[in-house]
Amino acid sequence: MGSSSSSSSSGNGNTGGSGGSNGAGNANGAGFHHDPGESTSPTPPPPAAPPAVAELCAAAMRFVASKYKVALDGTPDTLSLLDQYVREAREAYKERPESIDLVAPAVGAYLGEVMRQELDAEWFAEGAHDAWRLYFHNVFLAFNPIGMAREAIAMEAAEGFHAHLVLDPALREMIEERLAAMPDVDEEEYYLPTTRYDVVTVVVETLRAHAEAAGTGDVKFTRDDYE
């Protein structure tokens with residue numbers, strides 16, 4: 001995929017809905033709402049987001065509902081609404097650079113929470129926002145979604161916010177090759193939440209396939225493995 005860079009990992013992750021007018025309550029303490037009629041699976045719902053993350057997700061929902069009169073519902077399909085919000089936030093950032101400190105944490109928390117629930121991860125959300133991380137369970141992968149959001153708004157690297165994907169160095173080349181095979185995107189699209197979600201999904205799927213082929217598919221990673 002075009003516009004890629006490389007650091008401790010690779011690729012476009014900068015390795016280098018509908019409903020009521022206010023969806024804020026959906027993120028308050030118990031994760032996003034999903035209709036129990038959608039599935040008969042006995043799999044329990046993911047645990048609630050940490051309070052600090054839930055608060056920021058609620059803010060993102062309020063921002064989007066106020067501007068577009070559509071509620072975010074925590075599903076990947078609604079990331080296109082977040083993309084549009086980011087595009088407008090870019091214009092505000094040009095006039096008031098300090099606005100990124102308000103908008104990026106909310107956007108990053110929402111993006112990270114969608115990833116957490118869809119791709120099996122957990123938050124480390126303590127201290128300043130630059131220290132936050134999303135740690136994945138089924139693959140060794142970590143990054144800061146708030147850093148990704150800052151990059152999406154500023155359209156440049158967010159130094160110190162760890163937006164790059166951290167993974168096993170031995171698998172870096174494999175991931176770089178897989179991401180290089182993705183379609184090129186322009187710079188405007190490269191940083192958007194939807195693109196970042198797609199890239200992270202590809203990385204997770206690639207790492208899972210490698211683990212299954214290597215006979216290590218049952219290995220689970222915990223926070224201790226990352227710290």
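Scanning the stretch 33-76 for residues that are of a type in the set (Asp, Glu) and modelled with pLDDT under 95 yields ASP35, GLU38, ASP73.
With within 14 Å of VAL86 (Cβ to Cβ) and at pLDDT 95 or above as the only criterion, which of GLU212, GLU151 stands out? Criteria check complete, one pass: GLU151.
Here is a list: ASP120, ASP168, ASP198, ASP186. Which entry is surrounded by fewer than 17 Cβ atoms within 10 Å (Cβ to Cβ) and under 14 Å from the mean Cα position of the chain (by Cα)?
The conditions single out ASP120.
The one condition from (1) closer than 27 Å to ARG87 by Cβ; (2) of a type outside the set (S, T, N, Q); (3) at pLDDT below 95; (4) out of contact with any Asp or Glu (no Cβ under 8 Å at 6 or more places or on another chain) that ALA157 does not meet is (4).
Please indicate, with yes or no, whether at least one residue in the stretch 188-195 is assigned to a loop (DSSP other than H, G, I, E, B), touching a Phe, Trp or Tyr at 6+ places or on another chain (Cβ under 9 Å) and at pLDDT 95 or above. Steps first, please.
Filtering the stretch 188-195 down to residues assigned to a loop (DSSP other than H, G, I, E, B) leaves 191-192.
Next, only the ones that are touching a Phe, Trp or Tyr at 6+ places or on another chain (Cβ under 9 Å) stay: none.
No, the stretch 188-195 contains no residue that is assigned to a loop (DSSP other than H, G, I, E, B), touching a Phe, Trp or Tyr at 6+ places or on another chain (Cβ under 9 Å) and at pLDDT 95 or above.
Note on the stretch 158-178: residues that are in a loop (DSSP other than H, G, I, E, B) and touching a strand residue (DSSP E or B) at 6+ places or on another chain (Cβ under 8 Å) total 4.
When THR206, THR216, THR201 are checked against the criterion of being touching an Asp or Glu at 6+ places or on another chain (Cβ under 9 Å) and of a type in the set (S, T, N, Q), a single residue qualifies: THR201. Applying a threshold of 8 Å to beta carbon distances and a minimum spacing of six or more residues, or different chains, the list of pairs starting in the stretch 149-160 at a residue that is at positive phi and ending at one that is assigned to a helix (DSSP H, G or I) and surrounded by fewer than 24 Cβ atoms within 10 Å (Cβ to Cβ) reads MET155/ARG90; MET155/GLU187; MET155/GLU188; GLY160/ASP130.
Within the stretch 72-112, the set of residues being touching a strand residue (DSSP E or B) at 6+ places or on another chain (Cβ under 8 Å) and acidic (Asp, Glu) is empty.
The values are calculated or read from the model by the stated rules, or taken from the named source; none is laboratory data. The structure presented is a predicted model; accordingly, all values stated were derived computationally and were not measured. All Cβ positions, glycine included, derive from the backbone under ideal geometry; neighbour counts span all protein chains shown.
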